[in-house]
Amino acid sequence: MRECEDRFDAFPKICNAIMGGDARSILEEVKIIAELSGDILEWRADFFQHQGDPRQVQQVLREIKRASKRRKIIFSLRSVSQGGGCRLSEEEKRAVFHSVLDCSCADYIELEQDPFLPWKEEVLGRAKESGHQVIIAAYDYEKTPEAGEITALMRRCETTGADIPKIAVMTHGRRDILSLLQGILNLEQEYGERERIVVAMGREGNISRVAPWLFGSSFTFASGITTSLQGQINPNDLTLIMSQLRVSR
């Protein structure tokens, strides 16, 4: 009983995605979102028109930091295969991530679990040495795998050495929610609780956003100026809903 109460009382961090294509639109998004409820800004640099230019990435990241009103920042560069817009080569991605670590403006970096190539191990190790948190993520924009695959997929993220493993799957009905929940419960039973990010995309997946603690997730993602994942909710509305759920139990 105490375990359930502790999970319910832990208010999740609310993240907003920044998805502009150029420096001006990115900073306009940051200034607007910084006035809304939320804790973390996620810069989806895979939508930035100069995503492969380490110098320009650093410059924009510094501007985001200055305009963020002390919010923490996640740097993401998501591949097309993982639902993003990054078409860079592996060597180009490696150079960009090293440049992000060089400028020390991001608090978190997100790396994709599949495939977990040697350069990602290199970046992960350097990030940990420099005090950055590393999110290792797996996405399925088509479906929700069965519970056993959910457990295995999250476990693959964890065994990379991630500070925070993340899984996001597409839901198409209530059975998908049950599969996701069962997979996470099995994971916790076998490997214990820790900080994780669990997201159910799609209309039915809204429950994972308004009550992320039920899925063992310490983060939830609200809509920004542009929605980065299906089913996102306005951050002010999300804060209100989660607050009401907490006090009405």
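The values are calculated or read from the model by the stated rules, or taken from the named source; none is laboratory data. This one's a predicted model, so the numbers in the text were calculated from it and none came from an experiment. Note: accessible area is taken over every heavy atom of the protein model, side chains too, but ligands, DNA and RNA are not part of it. Shrake-Rupley method; radii C 1.70, N 1.55, O 1.52, S 1.80 Å.
General remarks:
- Of GLU29, GLU90, GLU110, the one that fluctuates the most in a GNM where the chain has Cα springs shorter than 10 Å: GLU90
- Under Karplus coefficients 6.51, -1.76 and 1.60, residue-wise ³J(HN,Hα) of region 101-113 in Hz, glycine/proline x: 5, 4, 8, 6, 9, 9, 8, 10, 10, 10, 10, 7, 6
- Surface analysis of the chain yields an accessible area of 45 Å² per residue, using protein heavy atoms and a 1.4 Å probe.
- Overall, the accessible surface of region 1-145 at a probe of 1.4 angstrom is composed of carbon and sulfur to the extent of 48 percent.
- With the convex hull drawn over the C-alpha atoms of region 91-249, the volume per residue is 134 Å³.
- Entries of LYS31/LYS120; LYS72/LYS128; LYS13/LYS65; LYS13/LYS120; LYS93/LYS120 with Cα pairs more than 21 Å apart: LYS31/LYS120; LYS13/LYS120
- Cross-link reach is defined here as a Cα-Cα straight distance under 18 Å, omitting same-chain residues fewer than 8 places apart; for LYS143 the lysines meeting it are LYS166.
- Percent RCO, i.e. relative contact order, over the chain, from Cα pairs under 8 Å lying at least 6 residues apart: 19 percent
- Put simply, the convex hull of the Cα atoms in region 25-148 casts, on average, a shadow of 8.5 nm².
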